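Below is one structure; the comments refer to it alone.
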Amino acid sequence: MKKVLVLHGPNLNMFGKREPTHYGTITLKEIDEKIEALASELGFAAECYQTNHEGEMVERIHRAHEERVDAVVINAGAWTHYSYALMDALGILKVPIVEVHMSHVHAREQFRHYSVVAPLAQGQITGFGVNSYLLGVRAAWDLIKNNGQ
């Protein structure tokens, strides 16, 4: 069965409590449940993983390479803007990468406008709340079915 790995970066475990004007009130557990339900509906597996520790995220990406996951959807949180370690780890992958953000990062503070993930991703979905994740998962599935195109 095909598998999409959905990665959540630092502080995203606080969805539902953190800045509801930007992120709404949905929790990460609820987001993961929606992702898993969508994957099941479309006929593939989704694994969701969250950490607040950069090295753990890098290690999970390394395992994704070894496991030969079929695509990655990532909301790298604050690491989006500066983590070259994360960028280097993602660069190892030879599968489609889709970058997602719940808030509209380009309408927020200037530092949020830059992404070290974007050059490695097939696309970026931002500003649609939980739907950013669901659209990202759908995009990843379409990329898998179309051999990354």
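What follows draws every value from the coordinates through simple rules; no lab data is involved. Quick caveat: nothing in here was measured; it's all calculated off a predicted structure. Positions of Cβ are generated from backbone atoms using ideal geometry, with glycine treated the same way; all protein chains shown enter the neighbour counts.
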Of the DSSP beta bridges with both residues in the chain, give the percent that are antiparallel, rounding to the nearest 5. 0 percent
Measuring from its Cα centre, the chain shows a charge dipole (+1 at each Lys and Arg Cβ, -1 at each Asp and Glu Cβ) which, in debye to the nearest 20, is 220 debye
Tell me, which longest segment in the chain has none of the trypsin sites (Lys or Arg not before Pro) that fall in DSSP loops with at most 12 further Cβ atoms within 10 Å? 95-149
When the Debye formula is applied to the Cα atoms of the chain, each taken as the same point scatterer, what base-10 log of I(q)/I(0) results at q = 0.13 Å⁻¹? -0.51
What's the tally of Lys pairs in the chain whose alpha-carbon atoms lie under 20 angstrom apart, where the two lysines are 8 or more places apart or on different chains? 10
Potential lengthening between residue 36 and residue 52 on full extension [0.36 nm per residue; Cα-Cα distance subtracted]: 3.6 nm
